[in-house]
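Following: one structure in structure tokens, then a few remarks.
Every read-out reported here was derived from the displayed coordinates using simple, explicitly stated rules and does not represent laboratory data. Since we're looking at a predicted model, the values are computed, not measured. Neighbour counts run over all protein chains shown; Cβ positions are idealised from the backbone, glycine included.
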Amino acid sequence: MRQRDEESMEDYKVRYKHSKFSNEKVELDGKSFVHCDFENCMIILERGDTEISGWTFKNCKLMLKGNAYTVGKIIKLFTGKNPLKVLDLEEPLFEKRERPFQKSTGQDIETRD
């Protein structure tokens, strides 16, 4: 059950405490998440204006947009590798990509790019 506290003295107008998010898109910007659980969610971050503490993420995907995406690219320049596995904005979010020239055998084949 989600508890939403909108009368907080903090900067965040929307605050979640001890909440569970499952199978949904969650935009972090402008919100506070304290002791929340996220499972099978698409987590979206654009500005980085969020509070997150005491959380758990299980089988979630992160999408960086705007300033957050720019920061991710800068980290990659400094380290030579991606700090996180993030989705490219041009990739479909929930559709399975078809691979050309691959013969179907009735089994899913997983490849790494």
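Each label was represented as a point 7 Å from its Cα along the Cα-to-Cβ direction; for His35 and Lys20 these points are 1.5 nm apart.
Its Cα gyration tensor gives the range 3-79 an equivalent ellipsoid; the semi-axes, largest first and in whole Å, are 23, 16, 10. Which pairs, out of Lys61/Lys81; Lys20/Lys73; Lys25/Lys65; Lys25/Lys73, put more than 20 Å between their alpha-carbon atoms? From Lys61/Lys81; Lys20/Lys73; Lys25/Lys65; Lys25/Lys73, over 20 Å: Lys20/Lys73; Lys25/Lys73.
Maximal additional length on extending the Lys65-Glu51 stretch stands at 3.3 nm, based on 0.36 nm per residue less the C-alpha distance.
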